[in-house]
Amino acid sequence: MKIKLLIFALLFITITPNFAQKRGYVPTQADTINNINSFVLSMMAEWKIPATSITIVKDGKPYCSSAHGVKNMVKNLPATTNTLFPIGSCSKSFTAVALGILVDEAKLDWNKPIKEYMPDFQLFDEVATNTISARDILSHRTGLPRHDFVWLFNNNDRESIFKNMKYLKPSKTLYAQYQYNNLMYNVAGVLVERLSGKTWENFVREKILIPLEMKSTVLTYPEMFKSSDYAMSYKMEKEQMIEAGFGSNVDAIGSAGSVKSNAVDMTNWLLMQIQNGKFNGKQIISEKNLKENHTPLQVVYPTEAKYPELGFSSYGMGWNMNVYRGNQRRQHNGSIEGFRSQMTVFPNNNLGIFITTNTNVADYNFANIITNYISDNLLNINPIDWNSRLQKDRDEAKFEEEKKKKEHNSSRKMGAMMSHPIDYYAGVYEHPAYGTLQIFKTDRGLRVIFHNKQTELIHFHYDFFEGNDFLEGVTFNFPTNLKGDIDKVMATFPNAGEVEFRRK
């Protein structure tokens, strides 16, 4: 389906000049909102964004909420401020608050090993198993890399993912380095369930969503699909925008990324964050434990800050902490299927911003451009042309990616044949946490079925193959044992490393 966006008709809107640049003129709130909306529409057209929804809070109250574009391109349905968008890893801040509430209730100690609360908790590394605390699992410093293909597109559930953690090898020692990890947030969700006696969903709903009057927010896809107002997600394929679908299995690790919300409800979430845990006079989480969420614990690696306006980043519990143009800032991004979301809070400026989109075509560039533009306007500082900067960054990243691909392909030994007849590679290979690789021969070569999806394996050279489609970036090596047989596959996953699948 070719791109057909209502917003493209708005290309000819004249963008109102930034009011801060008009000497002696103080813009009204309506002027500033109009300025922001015009800029958003122009950036949507430039970055090919089907729909976006934004909310801003300022000085302890809602400032404005807006929605633009279409939530469903096939039906040409406009997005509204009530339209639900999956917000991905922005959900982690909800889980951090949930554990903070359990600390308030004296059911959890941030620093106590979680093994003492969950005796069946087991990692590959014994020292980490007996040491890791709730603070550690929320701050991405456990030594475990992402291993996201354990849950992505799979049909496994929360408990089975939790129990299979012991089969996943760490890539660093405990506390050695920041390594973003969704599976540890799944552990946090299980911890919520064990300590409260309720599912993570029910606990979050009762202790957070209901008190915050987040009446539309849901925590699973079945709930979202019952709504009459939710966004479809989109990706670019062969120069056409197509639906990205909802098959990630994110609900299984709900505490890491399964919140589905909208601009109206996220307004209340931002207000609570800015108001030290209070909403409408009610303390949702103690000020002390909300501050624990916001306390830097781990430097985000790598530490280079490309632009002088941006400070180095650190991670607390469910939030990144950094500096924007001299102002303390808390942020978190969210990515799932084709959706991209971003939360931003300036605690010393009493300002909060949430933005969500229903496509991955711009990655986080669009969200960063809009968030920074809003920040510049409401912090009363001259705006930076982040659009030009990030377009340049995108183009440079594409160039580097193509360069690496060419270098990789140049290492290919042309004509280097497989060491065995192709039938020998076919079979069923298993890993206790990752599941089953079913490899079979076709008239074109080898194909693989993994997590209910299948794709072609592309022969690189010798016994090395490369994944395609959803397994793009994954490499497969079929080593031969001393008997001359192929008894395993060594699959190397991005952000996880080499994983051994044994022939069944």
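The values are calculated or read from the model by the stated rules, or taken from the named source; none is laboratory data. From a predicted model like this one, the values you see are computed outputs, not experimental measurements. Methodologically, a virtual Cβ is constructed for each residue, glycine included, from the backbone with ideal geometry; neighbour enumeration extends over all protein chains shown. Heavy atoms of the whole protein, side chains included, go into the accessibility calculation; ligands, DNA and RNA do not. Shrake-Rupley method; radii C 1.70, N 1.55, O 1.52, S 1.80 Å.
Beta carbons closer than 9 Å, at least 6 apart along the sequence or on distinct chains, pair a first residue in the range 154-166 that is aliphatic (A, V, I, L, M) with a second that is open to solvent by 60 Å² or more (accessible area, probe 1.4 Å) for Met165/Phe124. Taking first residues from the range 222-247 that are part of a loop (DSSP other than H, G, I, E, B) and partners that are among the acidic types (Asp, Glu), the Cβ contacts under 8 Å between residues at least 6 apart in sequence or on separate chains come to Met232/Glu243; Ser233/Glu243; Ser233/Glu337; Ala244/Glu337; Gly245/Glu337; Phe246/Glu337; Gly247/Glu337. Quick check on the range 244-252. Is at least one of its residues within 18 Å of Ala362 (Cβ to Cβ) and in contact with a strand residue (DSSP E or B) (Cβ under 9 Å, 6 or more places away or on another chain)? Yes, that holds for at least one residue.
Of the residues that sit in the range 60-101 and are in a strand (DSSP E or B) and of a type in the set (S, T, N, Q), which one is most open to solvent (accessible area, probe 1.4 Å)?
Our first condition is that a residue be in a strand (DSSP E or B); within the range 60-101, this holds for 61-72, 77-78, 84-86.
Those still in the list that are of a type in the set (S, T, N, Q) too: 65-66, 72.
On the way: Ser65: 56, Ser66: 18, Asn72: 21 Å².
Among those that are in a strand (DSSP E or B) and of a type in the set (S, T, N, Q), it is Ser65.
Filtering the range 465-504 to residues that are in contact (Cβ under 8 Å) with a residue 12 or more places away in the chain and of a type in the set (A, V, I, L, M) leaves Leu471, Val474, Ile486, Val489, Met490, Ala491, Ala496, Val499. Restricting attention to the range 71-105, the residues that are more than 22 Å from the chain's Cα centre (by Cα) and β-branched (Val, Ile, Thr) add up to 4. For the range 451-466, the set of residues classified as within 16 Å of Gly435 (Cα to Cα) and crowded, with 19+ Cβ neighbours inside 10 Å consists of His451 only. Applying the set (1) open to solvent by less than 70 Å² (accessible area, probe 1.4 Å); (2) without any contact (Cβ under 8 Å) to a residue 24 or more places away in the chain; (3) more than 25 Å from the chain's Cα centre (by Cα); (4) under 30 Å from Ala244 (Cβ atoms) to Tyr429 leaves exactly one unmet item: (2). Residues of the range 184-220 that are small (Gly, Ala, Ser) and either at pLDDT below 95 or open to solvent by less than 10 Å² (accessible area, probe 1.4 Å) (or both): Ala188, Gly189.
Rundown of residues vs (1) under 30 Å from Lys163 (Cα atoms); (2) part of a loop (DSSP other than H, G, I, E, B); (3) out of contact with any helix residue (DSSP H, G or I) (no Cβ under 9 Å at 6 or more places or on another chain); (4) without any contact (Cβ under 8 Å) to a residue 60 or more places away in the chain, yes/no style:
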{"position": "Ile374", "(1), (2), (3), (4)": "no, no, no, no"}
{"position": "Asn380", "(1), (2), (3), (4)": "no, yes, no, no"}
{"position": "Leu390", "(1), (2), (3), (4)": "no, no, no, yes"}
{"position": "Glu400", "(1), (2), (3), (4)": "no, no, yes, yes"}
{"position": "Glu407", "(1), (2), (3), (4)": "no, no, yes, yes"}
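Of all residue pairs spaced 6 or more apart or on separate chains, those with beta-carbon atoms under 6 Å, a first member in the range 271-300 that is open to solvent by 60 Å² or more (accessible area, probe 1.4 Å) and a second member that is in a helix (DSSP H, G or I) are Asn276/Glu287. Lys260 falls short on exactly one of the conditions (1) surrounded by fewer than 19 Cβ atoms within 10 Å (Cβ to Cβ); (2) in contact (Cβ under 8 Å) with a residue 40 or more places away in the chain; (3) of a type in the set (Lys, Arg), and that condition is (1).
State whether the residues of the range 409-426 include one that is open to solvent by 30 Å² or more (accessible area, probe 1.4 Å), part of a helix (DSSP H, G or I) and either in contact with a Phe, Trp or Tyr (Cβ under 7 Å, 6 or more places away or on another chain) or among the polar types (S, T, N, Q) (or both). Looking through the range 409-426, at least one residue is open to solvent by 30 Å² or more (accessible area, probe 1.4 Å), part of a helix (DSSP H, G or I) and either in contact with a Phe, Trp or Tyr (Cβ under 7 Å, 6 or more places away or on another chain) or among the polar types (S, T, N, Q) (or both).
Considering only the range 489-497, I want to know if a residue exists there that is open to solvent by less than 50 Å² (accessible area, probe 1.4 Å), assigned to a strand (DSSP E or B), at pLDDT below 95 and not acidic (Asp, Glu). The answer is yes; a qualifying residue exists. Each residue in the range 350-405 was checked for being under 15 Å from the mean Cα position of the chain (by Cα) and within 16 Å of Ile33 (Cα to Cα), and 2 pass. Kindly indicate which of Gly484, Gly473 is open to solvent by 20 Å² or more (accessible area, probe 1.4 Å), closer than 16 Å to Ser419 by Cβ and at pLDDT below 95. Testing whether each residue is open to solvent by 20 Å² or more (accessible area, probe 1.4 Å), closer than 16 Å to Ser419 by Cβ and at pLDDT below 95 leaves just Gly484. Of everything in the range 118-166 that is assigned to a helix (DSSP H, G or I) and of a type in the set (Asp, Glu), the residue that is surrounded by the fewest Cβ atoms within 10 Å (Cβ to Cβ) is Glu126.
The condition of being more than 23 Å from Ala231 (Cβ to Cβ), assigned to a helix (DSSP H, G or I) and open to solvent by 30 Å² or more (accessible area, probe 1.4 Å) holds for only one of Asp109, Asp31, that being Asp31.
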